[in-house]
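Participant: Dumping the structure here so I can ask a few things about it.
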Amino acid sequence: MAKPLGVRIAGWLIGIPLAILVVLFALSNRHSITLAMWPLPEDMVISLPVYVVVLLVAVLGFFGGIAVAWFGGVRTWRRARSAERSLRRTESALQQAERKIQRQERSGSTGRSLVAAESD
């Protein structure tokens, strides 16, 4: 299914300036930094450009946020599924009751109301 034109234009209006900012950031921060992890041996040192480290952290944060949102929505998703099943059961019971009423009306009701008939 194709996206509406407005959504595509908005994507381009946000995406192009963002891409330009990323390129400018990368060009402005080409000097290297040294990363060392404390519990690891001292000879396990990585030297990377600043922009790689910053963009890597941003990408990891983005996907981490997606994961948190996904797992946070699981409970809501389960509740919605449960409500949908309950609705289907209720609709089925309603249809059965309507069929029962129609059968009673066709067979010739005694003129008593359903409430009175059920209370007997």
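Participant: Do we find that Ala69 is part of a helix (DSSP H, G or I) and loosely packed, with under 11 Cβ neighbours inside 10 Å in this structure?
Facilitator: Spelling it out, Ala69 is indeed part of a helix (DSSP H, G or I) and loosely packed, with under 11 Cβ neighbours inside 10 Å.
Participant: Being closer than 17 Å to Leu18 by Cα and exposed (fewer than 11 other Cβ atoms within 10 Å of the Cβ) is the filter here, so list the residues in the stretch 28-56 that pass it.
Facilitator: Step one: filter the stretch 28-56 for residues closer than 17 Å to Leu18 by Cα, giving 28-29, 51-52, 54-56.
Scanning the stretch 28-56 gives a single hit, Ser28.
Participant: Also, I was wondering about something else. Which residue is nearest to the chain's Cα centre (by Cα), if the candidates are limited to the stretch 21-46 and must be at pLDDT below 90 and among the polar types (S, T, N, Q)?
Facilitator: Asn29
The values are calculated or read from the model by the stated rules, or taken from the named source; none is laboratory data. All values derive from a computational prediction rather than experimental measurement. Positions of Cβ are generated from backbone atoms using ideal geometry, with glycine treated the same way; all protein chains shown enter the neighbour counts.
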